[in-house]
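So the structure is just underneath, and the comments pick up after that.
Nothing in this text is a laboratory measurement; each read-out follows from the coordinates by a stated rule. The model shown is predicted, which means the values in this text are computed figures rather than measured ones. Quick reminder, even Gly has a Cβ in these numbers, built from the backbone with ideal geometry, and neighbours come from all protein chains shown.
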Amino acid sequence: MAKPTKHATLICSIMTVLALIGIVLGIVFVKPIIIAACLLPTVIYEAYRTEGESTRWASWVLLIVIVLEIVLIAFSVSFDLGKFFSESTKEIAGYTVPLGDIKIFGPAIMAILSIILFIRTRGKYTKWLAAIIFITCFAIVFSLNPDVFKQLFKIGVEEGLKNL
């Protein structure tokens with residue numbers, strides 16, 4: 001059954017403003033936790049709105065990843081995935097993801113999941129939320145490591161151009 005859309009425009013607008021506030025504050029104060037915390041309500045609403053089989057699993061995995069990301073950032077957990085896998089990149093769901101600090105891996109996975117949600121969903125509100133998530137993930141990465149941000153941005157642009 002389709003989710004109600006009576007207040008969806010208002011809610012998505014609020015989520016957009018909240019994400020923008022989180023991005024600005026997180027970058028200005030170099031606090032990625034602010035960005036991630038401000039993204040959490042958007043991810044929760046995305047999980048609520050999705051209905052298709054593949055979009056539902058993607059949104060729930062997205063929710064798990066954002067919660068884990070907040071925990072990793074809050075407790076300053078550092079773990080080099082590149083050294084662990086003895087590789088600089090890993091292919092996940094057909095996308096090449098740079099490896100490094102585990103805190104960078106979370107937003108990279110979230111960006112990929114948001115692309116999946118954007119491509120596979122038909123609802124304009126779930127697409128809107130996926131776009132918010134995608135953009136905000138890059139802000140998290142930028143606030144964590146601007147060099148990795150450049151790599152992920154390139155991947156995002158290439159994938160976006162493929163799907164036009």
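Taken one residue at a time, the phi angles of segment 26-33 give Karplus couplings (6.51, -1.76, 1.60, θ = phi - 60°) of x, 6, 4, 8, 6, 10, x, 4 Hz. Gly and Pro are set to x. Summarising the amide proton neighbourhood of Asp101: residues at separation of 5 or more, or on other chains, whose placed amide H is nearer than 5 Å comprise Leu81. Evaluated at q = 0.12 Å⁻¹, a Debye calculation over the C-alpha positions of segment 60-164 (equal weights, vacuum) places log10 I(q)/I(0) at -0.38.
For segment 1-158, with only Lys/Arg (+1) and Asp/Glu (-1) charged at the beta-carbon, what is the dipole magnitude about the Cα centre, in debye rounded to 20? Computed charge dipole of segment 1-158: roughly 520 debye.
Restriction of the chymotrypsin sites (Phe, Trp or Tyr not before Pro) in segment 61-164 to DSSP coil positions whose beta-carbon has at most 16 other beta-carbons within 10 angstrom yields Phe75, Phe79.
Sorting Leu144, Leu63, Leu39 by the number of Cβ atoms found within 10 Å of their own Cβ, with the fewest placed first, yields Leu63, Leu144, Leu39. Over all other residues within a Cβ to Cβ distance under 13 Å of Phe142, the charged ones net out to +2, with Lys and Arg as +1 and Asp and Glu as -1. Our estimate of slack between Leu10 and Phe29, defined as 0.36 nm per intervening residue step minus the Cα-Cα distance, is 4.0 nm.
Residues whose amide H falls under 5 Å from that of Ile92, counting only those 5 or more places apart or on a different chain, are Val97, with hydrogens built in the peptide plane. Rounded to the nearest Hz, the phi-derived 3J(HN,Hα) couplings of segment 83-90 under the Karplus curve 6.51 cos²θ - 1.76 cosθ + 1.60 (θ = phi - 60°) are 5, 4, 8, 6, 9, 8, 9, 9, where x marks glycine and proline.
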